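Below you'll find the structure, written out as structure tokens, and then a few comments.
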Amino acid sequence: MLIDKQFMDQAAGLRRMNNPKPVRVIAVASGKGGVGKTNVSVNLSLALIDAGNKVLLMDADLGLANVDLMLGLKSPFNLSHVIKGEKRLEDIIITGPDNLKIVPAASGTQMMAELTSQQHAGMIRSFSELNMDLDVLVIDSSAGISDSVVSFCKAAHEVLVVVCDEPASLTDAYALIKVLNLDHGIQRFQVLANMVQNEQEARHLFAKLSHVSGLYLDVNLNLAGYIPTDESLKKAVRQQKAVFKMFPSSPASRSFRELAGKINRWPKPDQATGQLEFFVERLIKYSSMAGAD
């Protein structure tokens, strides 16, 4: 994807943010759909707020957005309006539970799934104009290994790969890790086992993924945590609510709380690349590289 040099220069010159602290950027990814990635993104974001963070959740599934739908929110504007130049990014941000800030994408819009390089550049540039007090940016990427997934994962500090105990999930998670490692040089991955019975099953699932990755790739996988199969989560989804808010004492909510606490203890992002404007620089850089391949 060819990005106009003026966007690079603009991002490189950004030093306008009032917030000098680094913003941790976490890309939530999966090799396939149906593993609960968006549910993880939403509830993890709320758990991070509960742990004392200011969080912005970006719905980066540009063709099949559903973060706002999952929370029963109505968003009059979305990223498609930013792409068209009708709105600024700050104009479309909506507020969810516990002051969670959400960047909604457009669901079922073909144009959003097939952005031109110039349109993608415009979306990325809009981040450079965003001035918010943030601790964490959570990116709910689309499933698979599209150019946008690669760009977001390379620009993030941490890639959280969501897997469940299904052969297709493991195979596709490995394929995602393989592409990001061999083609794009990412070596560190956080793995979240979702919809498992207990910690033992989570560790067994992680061991299988870690074993095959260790045979063929130069990667460092870490089991970030697990989310148990929980009827409360299913009830919350049916009510278009976050399980973390609707059933805060449920097994799933406790696991999200533990995961958020663990993330708070991860090493802080490097100051030189941690502020949001540097995320924009990296995102522009890697989008440009993806388009040139």
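Each value in this text was obtained by applying a stated rule to the coordinates, not by laboratory testing. The shown structure was predicted, so the numbers you read here are calculated from the model rather than taken from an experiment. Here Cβ is always computed from backbone atoms with ideal geometry, including for glycine, and neighbour counts include all displayed protein chains.
In terms of distances greater than 27 angstrom between alpha carbons, the cross-link table entries K54/K262; K241/K268; K101/K154 yield K241/K268.
Restricting things to alpha carbons, find the Rg to Rh ratio for the range 140-238 using the Kirkwood radius for Rh. Don't jump to the answer; show the numbers that get you there.
On the way: Rg = 13.7 Å, Rh = 14.0 Å.
Rg/Rh for the range 140-238 comes to 0.98.
Sorted on the mean count of surrounding Cβ atoms within 10 Å across their residues, most packed first, peptides 137-146, 160-169 read 137-146, 160-169.
Straight Cα distances below 22 angstrom link K208 to the lysines K32, K37, K178, with same-chain residues fewer than 8 positions distant left out.
When the chain is fully extended, how far beyond the present Cα-Cα distance does Q239 get from S146, taking 0.36 nm per residue of separation? Write down the numbers at each step before the final one.
Details: separation 93, 0.36 × 93 = 33.48 nm, distance 3.11 nm.
Between Q239 and S146, full extension yields an extra 30.4 nm.
Taking amide H atoms as placed 1.01 Å from N in the peptide plane, the amide H of I186 lies under 5 Å from those of N181, each 5 or more residues away in sequence or on another chain.
Residues whose amide H lies under 5 Å from that of K101, counting only those 5 or more places away or on a different chain, are V55, L57, G96; hydrogens are built 1.01 Å from N in the peptide plane.
Among H81, H211, H184, H157, the order by Cβ neighbours within 10 angstrom, fewest to most, reads H211, H184, H81, H157.
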